[in-house]
1. Considering only residues that are part of a helix (DSSP H, G or I), of a type in the set (Gly, Ala, Ser) and surrounded by fewer than 24 Cβ atoms within 10 Å (Cβ to Cβ), which ones fall in segment A:37-69?
2. Can you name the number of the only condition in (1) crowded, with 22+ Cβ neighbours inside 10 Å; (2) within 16 Å of residue A:168 (Cβ to Cβ); (3) modelled with pLDDT of 95 or more that residue A:241 fails?
3. Out of (1) more than 11 Å from chain A (Cβ to nearest Cβ); (2) under 17 Å from the mean Cα position of the chain (by Cα), what's the single condition that is false for residue B:101?
4. Give me a count of the residues in segment A:62-96 that are farther than 16 Å from residue B:89 by Cα and either touching a residue at least 24 places away in the same chain (Cβ under 8 Å) or β-branched (Val, Ile, Thr) (or both).
5. I need the full set of residues from segment B:104-134 which are aliphatic (A, V, I, L, M) and more than 10 Å from chain A (Cβ to nearest Cβ), in order please.
6. Working only within segment A:117-161, note down all residues that are more than 21 Å from the chain's Cα centre (by Cα) and charged (D, E, K, R).
7. Filter segment B:52-61 for residues that are within 17 Å of residue B:165 (Cα to Cα) and either without any contact (Cβ under 8 Å) to a residue 60 or more places away in the chain or more than 8 Å from chain A (Cβ to nearest Cβ) (or both) and give the result.
8. Going by the structure shown, is residue A:260 among the acidic types (Asp, Glu) and assigned to a helix (DSSP H, G or I)?
Protein chains: 2
Amino acid sequence: MSGGEEELIRTHFRGATASRDGVWLGIGDDAALLRSPAPDLVAASCDTLIGGVHFPADAPADAIGHRALAVNLSDMAAVGAAPAWALLSLTVPEEDPDWLRSFSRGFAALADRYGVALVGGDTTRGPLSITVTALGRVAEEGVLCRGGAQPGDGVWVTGTLGDAALGLACWCERSHPLAGDAAWLAARLLRPEPRIEAGRMLAGVASAAIDLSDGLALDLSRLLEASGVGAVIDPERLPASASFRAEGGESHHALHGGDDYELCFTLPPAAEARAEELERAAGVAMTRIGTVDERAGLRGRSGGSTWSVEPKGYDHFGGAS
Amino acid sequence: MSGGEEELIRTHFRGATASRDGVWLGIGDDAALLRSPAPDLVAASCDTLIGGVHFPADAPADAIGHRALAVNLSDMAAVGAAPAWALLSLTVPEEDPDWLRSFSRGFAALADRYGVALVGGDTTRGPLSITVTALGRVAEEGVLCRGGAQPGDGVWVTGTLGDAALGLACWCERSHPLAGDAAWLAARLLRPEPRIEAGRMLAGVASAAIDLSDGLALDLSRLLEASGVGAVIDPERLPASASFRAEGGESHHALHGGDDYELCFTLPPAAEARAEELERAAGVAMTRIGTVDERAGLRGRSGGSTWSVEPKGYDHFGGAS
């Protein structure tokens, strides 16, 4: 970190996020120094958001700040970790104090909510790009991985699906400000809610988990592949929000649309009885959408017919694939 | 991390860096899971490199890979930490297998040398930009901070100064390939050597330390400010390489030129007797260039006259400041 950069981080971010235990040395030196309680593992993930690729170029700065942290906290949720610290690498075309203040506000509000301390950062000038590294803690016995699903397990998702994809369509195609259902859907895209509590509740209970960043079909296929199994899902059971229905959302939004940041997980039969209790504790709906089986691949089944579901979704590198 | 992105990371980076203890779960899930031995602190830093800002746009890909990791390992060195893990967020304009292979080779060669495991990553399409997060381990009693310098301590630097700044001038102004001294100087810019061993040796011995990314005057001023002290340095004592002298390097290169990634540190009087031993153990020259005193600010003194040294250097945000 260097001078004007340090100043920038200090001005806009220092103290802007929760102070918490475990921060031995925060922003202002060459590296942050963190204390992780002994038996816990440190969970680490990083994701880059590029303007116009991962969010609409005209998204409000506070939404971009929220989203940059949220997508990383979602990774923490997917492994069952409690997020603790974050590092922010921010590249902006120009030093615009209003934009930075707003970005910081969105970032800090979410960080505060989950007790995440911003412990390091770097700012540079260039095309808008934000990389966040999230660090968290998880007990070894509570880790959620993609690779543990077994035939007979139920396939579940949190929340509702397809909202963000439909929200993106509303955002791009309509005049602003959006209102009503369209505004709600756009908020699902711009201010995703990482399912931290759900991840914590599922730790040690779910057999496998992944977060839905690129769409159910693609992300669930990854989970199944990592577990060496397949699954059958019922497209009619995919949970839809009232706004999704009101705005005419279709099954391809729910099946292939990205950016919902819900969790998709598998529950062993013995744990399914606990689903309602988990749902209440996590404060988010959980819906069983199918069953894991031994045959590789993802299939849809409805009204007696079965078909193969293509593991396509939004892949930022390959584009829609 | 998503599909094509995962594939890309797998193809070019998986297994490309040292496997090491402490990696409970590496690349391929939503987050890496790491085990840090109990009493140690986890050191974390992240830095972004932008093409044309932090390295010449025409730099070889393997040098960019080396450099992206090196600048972060240098932060680990500056706090006395042993680097252990890294996360790589890579944004490239197009998927060019040759470029990626070469980038990966440069990154992996340096990672292997210091036993660093690449445990997570993310690739996106966009203007060339690389963010690396380095994670390391350091015992609490061995931490080096910027803020511990005391009046009477000696001011020291590792290696030689100004090489990278002069190397940049050679790189930009001459026809390629460079040869002889110019090539050596350019390599100091493109393939900086993080002073990991020196940092480890100085842990618990030096009273303060910082790495030299933005030039001696600016970075030393930061150390002094963090410590609430000042210092007098003798510009004639700044260590210069043979190539620096041969190519006509001047004092402004050594004083204000960035990108050397040497360590600047302060040694209490009682520790100065150990300097030669530290030098041998670290495998790099250490030179005493001045003395910490109580008066705020950085001053130069030579031949009986004293002057104030401006804390200017290269600040990527503000440009030369």
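1. Pass one, segment A:37-69, residues part of a helix (DSSP H, G or I): A:61-69.
Still in the running and of a type in the set (Gly, Ala, Ser): A:61, A:63, A:65, A:68.
Those that are part of a helix (DSSP H, G or I), of a type in the set (Gly, Ala, Ser) and surrounded by fewer than 24 Cβ atoms within 10 Å (Cβ to Cβ): A:61, A:63.
2. The one condition residue A:241 does not meet is (1).
3. (2)
4. In the first step, residues of segment A:62-96 are kept if they are farther than 16 Å from residue B:89 by Cα; the result is A:62-67, A:70, A:73-74, A:76-85, A:92-96.
With the extra rule that they be either touching a residue at least 24 places away in the same chain (Cβ under 8 Å) or β-branched (Val, Ile, Thr) (or both), the set shrinks to A:62-67, A:70, A:73-74, A:76-85, A:92-95.
Residues flagged as farther than 16 Å from residue B:89 by Cα and either touching a residue at least 24 places away in the same chain (Cβ under 8 Å) or β-branched (Val, Ile, Thr) (or both) within segment A:62-96 amount to 23.
5. Keep residues of segment B:104-134 that are aliphatic (A, V, I, L, M), which gives B:108-111, B:116-119, B:128, B:130, B:132, B:134.
Answer for segment B:104-134, where residues must be aliphatic (A, V, I, L, M) and more than 10 Å from chain A (Cβ to nearest Cβ): B:108, B:109, B:110, B:111, B:116, B:117, B:118.
6. Scanning segment A:117-161 gives A:122, A:125, A:140, A:141, A:153.
7. The initial filter retains those residues of segment B:52-61 that are within 17 Å of residue B:165 (Cα to Cα), namely B:52-59.
Within segment B:52-61, B:52, B:55, B:56, B:57, B:58, B:59 meet the criteria.
8. Working: among the acidic types (Asp, Glu): yes; assigned to a helix (DSSP H, G or I): no.
Answer is no for this residue.
The values are calculated or read from the model by the stated rules, or taken from the named source; none is laboratory data. Everything numeric in this text was worked out from a predicted model, so none of it was measured. Don't worry about glycine lacking a Cβ; one is built from the backbone with ideal geometry, like all the others, and counts go over all protein chains shown.
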